[in-house]
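Peer 1: Provided herewith is a single structure, encoded as C-alpha cells, for subsequent inquiry.
The values are calculated or read from the model by the stated rules, or taken from the named source; none is laboratory data. It should be emphasised that the depicted structure is a prediction, and the values quoted were computed from it without experimental measurement. Glycine gets a Cβ as well: all are built from the backbone with ideal geometry, and neighbour counts include every protein chain shown.
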Amino acid sequence: MIEEKLVQHCAPTLAGMKTANLFNLSFDSEDCLINAVKNLNRELGYKGISFLVLKKKEDKALIYVFRKSKLESDLHRKGVSELLSTYGYSDLSAEGAIEHLKMRVKYSDGFPHEIGLFLGYPLEDVKGFIINSGKNSKYTGFWKVYDDECEALKLFRKFKKCTDVYCEMFKKGTSVMRLTVAALHK
C-alpha cells in the first residue's frame, strides 16, 4: 500500500521533475512506520530520493519525500534565505532547514506557510500565499498560484500527466524502483 500511495502522491518527485511531495500514511505500530521509511530510504536512496517522517499523530504520519540535491538548490535561490530567516531558519543546508521545518510543523496546527519552498514551489507564489492568507490566488492546482499563472499551468499539466502515466504503469506491474529516475550528479 505504501508504494501505491507513493506513486499516487509523489510521481513528479520520483520522475525528477519536482523537488518534493508529501503524503499521509496510516501505520499499525511505530516499528512498522520506522521500518517502512528505512526500507524506502535503502531502496531509493541511491537514486537521490530521501524519505522522512515530518510529523506523527496517533496512527498517521506525514511523509516528506524529497530530492536532497534539488532541495539544496531551491534553498539557495534568490530571495529564499530572506523569507526563511523571518521564520527563524539560520542553517540553510538541507538537513538544518528540514530540522527547523520539522519543529515548525510539530508546533503548528496546520502547515507553516514556508513549506511550499520545501516542495519546490516558486518563491513568489509562496510569498503571495503568505501575504494573502491563502486567498485571492489566480489559480489553484498543485499549489496556489499568485505570480506566473501560465508557467504554473504548464507545470501542473506535466505533473498530472506524469502522475497518470506512473499510476497506470504501476497498476500494470512496474515497480517503484523502476519508476524512480536516478538523480543526475553534478
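Peer 1: Does at least one position in the stretch 103-122 carry a residue that is more than 23 Å from F51 (Cβ to Cβ) and touching a residue at least 12 places away in the same chain (Cβ under 8 Å)?
Peer 2: Checked the stretch 103-122: at least one residue is more than 23 Å from F51 (Cβ to Cβ) and touching a residue at least 12 places away in the same chain (Cβ under 8 Å).
Each row is one residue, and each column tells you yes or no for (1) charged (D, E, K, R); (2) part of a strand (DSSP E or B); (3) in contact with a Gly (Cβ under 7 Å, 6 or more places away or on another chain).
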residue	(1), (2), (3)
E4	yes, no, no
Q8	no, no, no
M17	no, no, no
F23	no, yes, no
D31	yes, no, no
K38	yes, no, no
Y46	no, no, no
K78	yes, no, no
Y87	no, no, no
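Peer 1: Name the single residue, out of those in the stretch 41-67 being aliphatic (A, V, I, L, M) and under 15 Å from the mean Cα position of the chain (by Cα), that is farthest from G96 (Cα to Cα).
Peer 2: A61
Peer 1: Can you tell which of V53, V65 is in contact with a Phe, Trp or Tyr (Cβ under 7 Å, 6 or more places away or on another chain) and surrounded by 14 or more Cβ atoms within 10 Å (Cβ to Cβ)?
Peer 2: The unique qualifying residue is V65.
Peer 1: Of V165, V126, V105, which residue is among the β-branched types (V, I, T), in contact with a strand residue (DSSP E or B) (Cβ under 6 Å, 6 or more places away or on another chain) and assigned to a helix (DSSP H, G or I)?
Peer 2: V105
Peer 1: Scan the stretch 52-75 for residues that are without any contact (Cβ under 8 Å) to a residue 40 or more places away in the chain and under 17 Å from F23 (Cβ atoms) and report the count.
Peer 2: 7
Peer 1: If you go through the stretch 129-157, how many residues are under 19 Å from L22 (Cβ atoms) and in a helix (DSSP H, G or I)?
Peer 2: Number of matching residues: 5.
Peer 1: Same structure again: When you check A11 against the structure, is it modelled with pLDDT of 95 or more and either among the basic types (K, R) or crowded, with 20+ Cβ neighbours inside 10 Å (or both), yes or no?
Peer 2: yes
Peer 1: What's the total number of residues in the stretch 58-76 that are over 30 Å from C32 (Cα atoms) and either in a loop (DSSP other than H, G, I, E, B) or touching a helix residue (DSSP H, G or I) at 6+ places or on another chain (Cβ under 7 Å) (or both)?
Peer 2: The total comes to 3.
Peer 1: Can you pull out every residue in the stretch 82-133 that is among the small types (G, A, S), closer than 17 Å to Y146 by Cβ and touching a Phe, Trp or Tyr at 6+ places or on another chain (Cβ under 7 Å)?
Peer 2: Hits for the stretch 82-133 are G116, G128.
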